[in-house]
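A.B. asks: This structure is in structure tokens; I'll ask about it shortly.
The values are calculated or read from the model by the stated rules, or taken from the named source; none is laboratory data. Please read all numbers here as calculations on a predicted model, not as lab measurements. Methodologically, a virtual Cβ is constructed for each residue, glycine included, from the backbone with ideal geometry; neighbour enumeration extends over all protein chains shown.
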Amino acid sequence: MMKFDKNTIKEVLNNLKIEELNPMQQESLEVSTEDKDVILLSPTGSGKTLAFLLPMILNLKPDNGTVQSLILAPSRELALQINSVFQQMGSKYKSCCCYGGHAISEEKKSILGNKPAVIIGTPGRITDHLSKGNFDPSTIHTLVIDEFDKSLELGFHDEMAVIIEQLPNLKKRFLLSATDAEEIPEFTGLNGAIKLDYLDPEQSHSSRLKLMKVTSPAKDKIDTLYNLLCTLGESSSIVFCNHRDAVDRVNKLLIDKKLETDKFHGGMEQPARERALYKFRNGSSHILVSTDLAARGLDIPEIEHVIHYHLPINEEAFTHRNGRTARWDATGTSYVILNTEEKIPEYIPSELEEYEIPTIVSRPPKSKWITLYIGKGKKDKLSRMDIAGFLYKKGKLTKEDVGSIDLKEHYAFVAVKRGKVKQLLNLIRGEKIKGMKTLIEEAR
């Protein structure tokens with residue numbers, strides 16, 4: 001039975017700048033001291049990642065030199081997000097994040113060279129590593145399946161079965177989701193699991209979320225969407241479409257109308273997806289047009305509006321889309337755009353309040369921030385402090401001029417005040433960052 005290490009818990013919370021665990025995280029920590037599997041159901045944005053990472057870290061053995069825990073996630077973005085939180089926790093243990101669109105040779109090198117205690121990855125990529133014998137699955141004692149309802153559905157089912165069959169010495173399974181699954185496949189091996197259900201139907205999220213209907217006079221809703229976004233101004237909005245080609249079309253039409261927007265869907269290359277998310281997170285663009293890929297597993301705080309350009313395919317999709325806003329104690333609004341031929345599905349309240357768009361709207365002002373791309377990253381021994389120091393010294397910027405810095409393996413993004421970018425690029429032209437020549441330009 002695992003014991004609490006109060007010093008480790010305190011250190012992790014300090015590193016994450018969290019004063020105390022919320023009730024869900026606290027209960028997850030307490031039940032994890034028992035030698036039983038755990039199913040945790042909790043709303044999006046409630047802190048599930050920390051709820052499984054903290055007890056997992058407490059159960060790792062130092063100086064072991066083997067992979068002890070495996071975390072499976074259904075998307076690259078969720079895997080990267082989990083890995084980011086793990087690293088921010090500042091434990092003494094190493095991790096390796098594995099996902100499609102990333103060089104498998106680099107992942108293998110990291111696994112063999114760094115000897116991570118934790119591997120985080122998507123089912124397809126983990127299957128690849130296992131088939132190549134890149135790590136020994138027999139040393140893994142803890143398995144985490146995040147968004148298990150998504151991970152275990154058709155498309156991931158066979159890969160998940162192949163992976164779990166190769167984990168002979170599992171002692172603990174931890175399954176998490178924001179929605180419950182009707183049944184959990186037998187191959188997961190769950191046995192007498194403790195179920196923590198924080199999906200109270202009367203939960204406060206519904207009281208913090210306001211649902212509105214927007215009527216489009218035309219069958220093509222693009223003009224109505226544009227006018228709605230203009231009325232929402234500089235506040236952050238995610239526009240959901242049902243298909244990738246629709247995302248491309250809607251995003252292009254909004255750009256043609258001079259709105260600052262980015263797109264996000266599974267058909268994009270990984271660097272382009274990361275760039276879009278980073279610009280949305282740091283306020284360089286206030287609008288993200290996306291498929292339902294952005295409805296799950298992404299940590300994007302302070303989203304104020306969710307817009308259903310297309311009606312979601314089912315109630316579950318509607319719930320997950322709306323879960324992007326009104327997170328924690330914040331409030332948010334969900335808009336359903338309907339043309340005159342569309343009817344509200346049964347799973348959406350029929351008596352929605354109508355949002356009246358003014359006759360005359362004005363385009364929102366440009367964002368205060370611009371995102372710059374830097375062509376060097378962690379693999380080049382570049383740190384966030386190196387980037388900040390370079391911008392202060394060579395670019396003559398102040399701390400107030402520089403926003404968040406996102407450091408990747410081979411490149412980095414940094415938010416800079418719009419009014420300072422032109423002068424900055426002139427000042428740093430030809431300058432080296434940490435002795436290295438590199439491309440620095442606006443991320444588009």
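A.B. asks: Here is a check on your reading of the model: is Thr261 without any contact (Cβ under 8 Å) to a residue 40 or more places away in the chain and of a type in the set (Ser, Thr, Tyr)?
C.D. replies: It is true that Thr261 is without any contact (Cβ under 8 Å) to a residue 40 or more places away in the chain and of a type in the set (Ser, Thr, Tyr).
A.B. asks: Exactly one of these conditions fails for Ala415: (1) more than 16 Å from Ala276 (Cβ to Cβ); (2) touching a Gly at 6+ places or on another chain (Cβ under 7 Å); (3) of a type in the set (Gly, Ala, Ser). Give me its number.
C.D. replies: Unmet condition: (1).
A.B. asks: Has region 394-415 got at least one residue that is surrounded by 17 or more Cβ atoms within 10 Å (Cβ to Cβ), closer than 21 Å to Met212 by Cβ, out of contact with any Lys or Arg (no Cβ under 7 Å at 6 or more places or on another chain) and not small (Gly, Ala, Ser)?
C.D. replies: No, region 394-415 contains no residue that is surrounded by 17 or more Cβ atoms within 10 Å (Cβ to Cβ), closer than 21 Å to Met212 by Cβ, out of contact with any Lys or Arg (no Cβ under 7 Å at 6 or more places or on another chain) and not small (Gly, Ala, Ser).
A.B. asks: Has region 316-324 got any residue that is part of a strand (DSSP E or B), surrounded by 21 or more Cβ atoms within 10 Å (Cβ to Cβ) and out of contact with any Lys or Arg (no Cβ under 6 Å at 6 or more places or on another chain)?
C.D. replies: no
A.B. asks: Mind telling me which of the residues Pro74, Pro55, Pro43 ends up being under 30 Å from Gly133 (Cα atoms), surrounded by 14 or more Cβ atoms within 10 Å (Cβ to Cβ) and at pLDDT below 90? It would help to see each step written out before you state the result.
C.D. replies: Values: Pro55 fails: at pLDDT below 90; Pro43 fails: under 30 Å from Gly133 (Cα atoms).
Of the residues listed, the single one that is under 30 Å from Gly133 (Cα atoms), surrounded by 14 or more Cβ atoms within 10 Å (Cβ to Cβ) and at pLDDT below 90 is Pro74.
A.B. asks: Restricting region 163-183 to residues that are more than 13 Å from Leu72 (Cα to Cα) and without any contact (Cβ under 8 Å) to a residue 60 or more places away in the chain, which is nearest to the chain's Cα centre (by Cα)?
C.D. replies: Once the filter is applied, the top-ranked residue is Ala181.
A.B. asks: Evaluate region 112-121: report whether one residue or more is over 17 Å from Pro137 (Cα atoms) and among the basic types (Lys, Arg).
C.D. replies: Within region 112-121 (the criterion being over 17 Å from Pro137 (Cα atoms) and among the basic types (Lys, Arg)), the answer is no, since none of the residues qualifies.
A.B. asks: Quick one: is Asn59 without any contact (Cβ under 8 Å) to a residue 12 or more places away in the chain and more than 24 Å from the chain's Cα centre (by Cα)? Step through it out loud before you land on a result.
C.D. replies: Numbers: without any contact (Cβ under 8 Å) to a residue 12 or more places away in the chain: no; more than 24 Å from the chain's Cα centre (by Cα): yes.
Against the criterion (without any contact (Cβ under 8 Å) to a residue 12 or more places away in the chain and more than 24 Å from the chain's Cα centre (by Cα)), Asn59 does not qualify.
A.B. asks: Filter region 299-324 down to the residues that are within 20 Å of Ser177 (Cβ to Cβ) and of a type in the set (Asp, Glu), then identify the one that is modelled with the highest pLDDT.
C.D. replies: It comes out as Glu315.
A.B. asks: Scan region 65-92 and report the pairs whose first residue is not assigned by TED's automatic domain parsing to the domain that holds Ile300 and whose second residue is at pLDDT below 90 and among the hydroxyl-bearing types (Ser, Thr, Tyr), with Cβ atoms within less than 7 Å and a gap of 6+ or a chain change.
C.D. replies: Final answer for the pair search is Leu72/Ser151; Pro74/Ser151.
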